[in-house]
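Read the figures in this text as sums done on the coordinates, not as results from a lab. What you are looking at is a predicted structure, and each value in this text was computed from that prediction instead of being measured. Here the Cβ is made from the backbone with ideal geometry for all residues, glycine too, and neighbour counts use every protein chain on show.
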Amino acid sequence: MSSQFVDYIKILGKGRNGSRSLTEQEAEDAMSLILEHQVAPEQMGAFWMLIRIREETVEEAAGFTRAIRKLIAKQHQISIKVDLDWPAYAGKRNELPWFLLAAFALSQSGIKTVMHGHSFDEDARIYVDSIINWLELPIMKSLQEAEEQLHNHNFAYIPLGVISPELSDLMNLKRLLGLRSPVNTVVRMMNPMGATHSVHGVFHTSYDELHIETAKLLKDQSVLVFRGGNGEAEVNPERDVSLGLLKDQDVTWSQCPKASSQHIRQKDNLDFTRLVRHWTGERMDEFGELAVIQTMAAVLGMVTDESNATRNLEYAHRIWKARNTQKMLG
């Protein structure tokens, strides 16, 4: 048990008039103690739920993320240049994860993409790792293996437990506490391999601003945030989507108008073969086509610094048309 950590619990829990949020430095120090296994389970539960009641602040999210990045840098030496960081932690429940095909196509075009995520077996959601396993594609067992995979194929999927067993354990507290914690936010922000660009999907609209402002405080170079399908970084073609883009401390917001005027989701048909048939061109999926192209266009706007939405859509169509339909990894 950490006597130092008690002070952070007191800061958060001294009642309506006595409590306050943590400073960025306090949040970093608290997360460091947690990651170093210096915090008792009772302390950790109290800490996360006190923050959960009011939700994390920008300063807290930045401090937590900074501590995680320092731990990863200490434990792993990254020597390869990564273009795109793509966290995938939400899981899909009323459609398939079409953003995975968007990531494959972008990687085939030369964009080195790292996707990382975590799954909960008891949830009625489709997580990325289940699709990758079903496709019999490799799941990385180390960041060094991920570097080799990126060198050969421009795409690597890394489970959170490989990046940090400590973070994986923290994510699994959701099972015990019944509620998400700020860990769900910061794993999306950690960018474990230091990619130049990062795309974040969020579920609640208020979190897009939290992610953007936190990335700005962390002085991240290039971050795209939007409310995605079921919380994943996938543009939902059935609704207007607000895109938040951070570029070198400048934040801009733009609108991605819905591409479909009617509901075209097949929430009662979550057959994985729909993904394969759409990729090979055997059978075009109406929802999948729009989700893939719009998601690619949004990401390409960030990567290429192109603000014209029409040109980004045209570029996305060209990349999709040029994909190798015989295999998903280049």
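Some notes on this structure:
- One equal scatterer on each Cα of the stretch 84-321, no solvent, Debye formula: the resulting log10 I(q)/I(0) at q = 0.08, 0.09, 0.15 Å⁻¹ is -0.26, -0.34, -1.03.
- Rh by Kirkwood over Cα pairs, then Stokes-Einstein D for the stretch 3-75 at 1.306 mPa s and 10 °C, µm²/s: 129
- Of Lys174/Lys247; Lys14/Lys247; Lys174/Lys321; Lys81/Lys216, pairs whose Cα-Cα distance is over 29 Å: Lys174/Lys247; Lys14/Lys247; Lys174/Lys321
- Size-normalised alpha-carbon gyration radius of the stretch 220-288, reference 2.2 N^0.38 Å: 1.37
- Hydrodynamic radius of the stretch 186-240 by the Kirkwood approach over all distinct alpha-carbon pairs: 11.5 Å.
- Here, the stretch 121-180 is characterised by an Rg to Rh ratio of 1.04, where Rg is the alpha-carbon radius of gyration and Rh the Kirkwood radius.
- Cα long-axis angle, helix 41-54 against the chain (0 to 90 degrees, to the nearest 10): 70
- Entry for the stretch 281-330 at q = 0.13, 0.30, 0.31, 0.32 Å⁻¹: log10 I(q)/I(0) = -0.32, -1.15, -1.18, -1.20, Debye formula applied to identical alpha-carbon scatterers, no solvent contribution.
- Cross-link reach is defined here as a Cα-Cα straight distance under 14 Å, omitting same-chain residues fewer than 8 places apart; for Lys327 the aspartates and glutamates meeting it are Glu136, Glu282.
- Between helix 309-321 and the chain there is an angle of about 70 degrees, using the helix long axis and the longest principal axis of the Cα atoms.
- Ranking Ile11, Gln38, Gln25 by Cα position along the charge dipole of the stretch 1-64, where only Lys, Arg, Asp and Glu carry charges on their C-beta atoms, puts Ile11 farthest toward the positive end.
- The stretch 265-330: trypsin sites (Lys or Arg not before Pro) in DSSP coil with no more than 11 other Cβ atoms inside 10 Å: Arg283
- Loop sites in the stretch 188-294: GluC sites (Glu not before Pro), DSSP, at most 12 other Cβ within 10 Å: Glu282
- Principal axis dimensions, the stretch 227-330 - Cα atoms, whole angstrom, descending: 42, 31, 21
- Nearest 10 degrees, 0 to 90: helix 286-304 Cα axis against the chain principal axis: 60
- Counting only Cα atoms, the stretch 137-226 measures 38, 34, 21 Å along its principal axes, largest extent leading.
- Charges were assigned to the Cβ only: +1 to each Lys and Arg, -1 to each Asp and Glu. The resulting dipole of the chain about its Cα centre is roughly 280 debye.
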